[in-house]
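The next block holds one structure in the form of structure tokens; read it before the comments.
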Amino acid sequence: RHFVTFNVVGATFWAFGITWLGYFLGSFQWIRENIDAMILVIVFISVAPMLISGISQFIKSRRQKS
């Protein structure tokens, strides 16, 4: 019961907050001009830990084989 309440409240705040943030940030000319680059940077930062972990596991497994 508490979970559902907090889940609904959190989802509502998240939806309105992200919409408001997009509206607010969209008023800046620099952000409107460079949104593609910003999205690519966010995606790279999000994927980087997975890549680093995968590479380190690959190196670790190669060292154990030899």
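Let me know the charge dipole size of the chain about its Cα centre in debye, to the nearest 20, where only the beta-carbon of Lys, Arg (+1) and Asp, Glu (-1) is charged. Display every interim value, and only then the final one.
Numbers: 6 positive and 2 negative charges, 123 e Å.
Result for the chain is approximately 600 debye, rounded to the nearest 20.
Projected onto the charge dipole of the chain (+1 at Lys/Arg Cβ, -1 at Asp/Glu Cβ, origin at the Cα centre), which of Phe58, Ala15, Gly26 gives the Cα projection farthest towards the positive end? Value computed over the given set: Phe58. Applying 1/(1 + (r/R0)^6) with R0 = 35 Å to the Cβ-Cβ distance of Ile45 and Tyr23 gives a FRET efficiency near 0.90.
Counting only heavy atoms of protein chains, what accessible area per residue, in Å², does the chain have with a probe of 1.4 Å? Write down the numbers at each step before the final one.
Values: 6440 Å² over 66 residues.
Value for the chain: 98 Å² per residue.
Stretching the chain fully between Ala37 and Phe16 yields a gain of 5.1 nm (0.36 nm per residue, less the alpha carbon separation). Based on DSSP H segments of at least four residues, each scored -39500 (n - 2.57), the chain has a per-residue ellipticity at 222 nm of -31500 deg cm²/dmol.
The values are calculated or read from the model by the stated rules, or taken from the named source; none is laboratory data. In this text, all values refer to a predicted model and were calculated from it rather than measured experimentally. Cβ sites come from the backbone with ideal geometry, for glycine too, and all protein chains shown count toward neighbours. Note: accessible area is taken over every heavy atom of the protein model, side chains too, but ligands, DNA and RNA are not part of it. Shrake-Rupley method; radii C 1.70, N 1.55, O 1.52, S 1.80 Å.
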